[in-house]
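Read through the structure below, which is laid out as structure tokens, and then see the notes.
The values are calculated or read from the model by the stated rules, or taken from the named source; none is laboratory data. All of these numbers come straight from a predicted model, not from anything done at the bench. Every residue, glycine as well, gets a Cβ built from its backbone with ideal geometry; the counts of neighbours run over all protein chains shown.
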């Protein structure tokens, strides 16, 4: 059912009230005529006024409503004054009908039905930002970041990057859009607020604009940020990988751990409102008892930059299933070198390109397992820091105020989340004491955006050549590995393929476990290589082997007994 706008509802209410007033005036005229002794014919007094006043189409605001109501009013006046001796009353009724229809047409032709409120005595947000950005006082710079959740250089660069997007081009030259700075400022202010403070009315009061402008500005800026997601949320460069490898190796005191230079984790983006019944709200209900969206992020431990994401799955989706939609999972050799892997938690399962700690139940069995889990958690905690950094900057992700009624609303909520990721990644470059490398990939953005970013960094031909060579080698190795896997898996069942993948993942974790203990000069106490591959202690593994030997012996005796019985039966015959 199409939604009714505020203007349509006002027109319907006014039309209903006009019809009611005309009927009351007609009834009064009939009463006066009856008192004078000339009673009009009342057999058809309600024939014309019985038509519903909501006959106007939802898609028309002017002619359909006013014309329909004028016909109702005219027919009502004609039927009310059908007496031959009531010429004056009849002309008065028709005059009332014409006035009412004209009034309704005048309302329908107006762009704004209700009168605007008086102009608020609030300085627009972007003008306040201009004053704060030019100031050198630390308190003013802190106020700037508090308002838009980023520093003045980051805000200016963000505006320059998206200013050339077509959404900011006015379709009607008589109605120009607001400056891009104002639209970006209002949107960032809205993204940085949580709870009632992020409502449309509250944001409009704080930013000095109309409520409708908040919706229009945020829609345009979100679309502009969403359009550059592939350039901003791009994979790590070779320099970033080297920095991350060094950090992980130094943090864990193990060189082999440096191959895991990135980590993946999932988080829930709570929704402020329960989704509608047509949106299948049960699918949004997560394990924490709230309605949410699932978000998967792959980040760098050094800068906490987001290098890959998966957004769009609902809250009831498991992290492993959502992460499986990533191109990194589907084509790991396209992004990872031969020995590289991604740190993950136990909920992502086992694979050759991820490494996760032992399960909690397994960790309670031995101190060897717990020592490895502590080392992994000491590195992988940076993924938790990344989510805290993101939600601390844009606190609307703690309770997204988007009401989801259908798939279109769901897509709008996902675009809002992705836009926050893009803005966060852009602002990271100016966060912190030391300057970070510019993370923006400028291969497919506009000329204005390229000029805005090139002035912030110096070109490095050697680094670019290194990047191109690394990607070329990685793609060639990826194609060769794919062909080898297809030939090997052609003669294998799905069970054997899954078993081989699981064994390879356990072997990778075992190599890392041995390397960690060798780097720490720590001996294994109650586990061996064979027991760790089975997630057991040495005593449990020995008991398991004894049971397996007993079962093999029992099966051998059963087969020998069966052969003896078969031989005896053949001798009898």
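Quick notes on this structure:
- The lone exception for residue 401 - which of (1) touching a strand residue (DSSP E or B) at 6+ places or on another chain (Cβ under 9 Å); (2) under 30 Å from residue 519 (Cα atoms); (3) at pLDDT 90 or above it fails: (2)
- Residues satisfying the stated conditions in the range 119-149, i.e. at negative phi and in a loop (DSSP other than H, G, I, E, B): 119, 120, 121, 122, 123, 124, 135, 136, 137
- Of the numbered criteria (1) within 30 Å of residue 249 (Cα to Cα); (2) surrounded by fewer than 17 Cβ atoms within 10 Å (Cβ to Cβ), the one residue 405 fails is (1).
- Any chance residue 249 is within 28 Å of the chain's Cα centre (by Cα) and without any contact (Cβ under 8 Å) to a residue 40 or more places away in the chain: no
- In summary, residue 352 fulfils each of the numbered conditions (1) over 21 Å from residue 319 (Cα atoms); (2) assigned to a loop (DSSP other than H, G, I, E, B) with the single exception of condition (1).
- Verdict on residue 422 being in contact (Cβ under 8 Å) with a residue 24 or more places away in the chain, surrounded by fewer than 23 Cβ atoms within 10 Å (Cβ to Cβ) and either in contact with a helix residue (DSSP H, G or I) (Cβ under 9 Å, 6 or more places away or on another chain) or not assigned by TED's automatic domain parsing to the domain that holds residue 303 (or both): no
- Going through (1) touching a helix residue (DSSP H, G or I) at 6+ places or on another chain (Cβ under 6 Å); (2) at pLDDT below 90; (3) closer than 21 Å to residue 501 by Cβ one by one, residue 302 falls short only on (3).
- Selection within the range 357-371: residues that are in contact (Cβ under 8 Å) with a residue 60 or more places away in the chain and buried (at least 20 other Cβ atoms within 10 Å of the Cβ). The member of this set that is nearest to residue 524 (Cα to Cα) is 368.
- Selection from the range 355-375 of residues that are assigned to a helix (DSSP H, G or I) and either in contact with a helix residue (DSSP H, G or I) (Cβ under 6 Å, 6 or more places away or on another chain) or farther than 23 Å from residue 539 by Cβ (or both): 362, 363, 369, 370, 372, 373, 375
- Residue in the range 241-252 that is surrounded by fewer than 21 Cβ atoms within 10 Å (Cβ to Cβ), within 30 Å of residue 159 (Cα to Cα) and touching a helix residue (DSSP H, G or I) at 6+ places or on another chain (Cβ under 7 Å) present: no
- Residue within the range 330-337 that is more than 22 Å from residue 517 (Cα to Cα), within 15 Å of the chain's Cα centre (by Cα), surrounded by fewer than 19 Cβ atoms within 10 Å (Cβ to Cβ) and assigned by TED's automatic domain parsing to the domain that holds residue 288 present: no
- The criterion of at least 3 residues that are under 29 Å from residue 357 (Cβ atoms) and out of contact with any strand residue (DSSP E or B) (no Cβ under 6 Å at 6 or more places or on another chain) is met, among helices (runs of 4 or more DSSP H) falling completely within the range 206-263, by 238-252.
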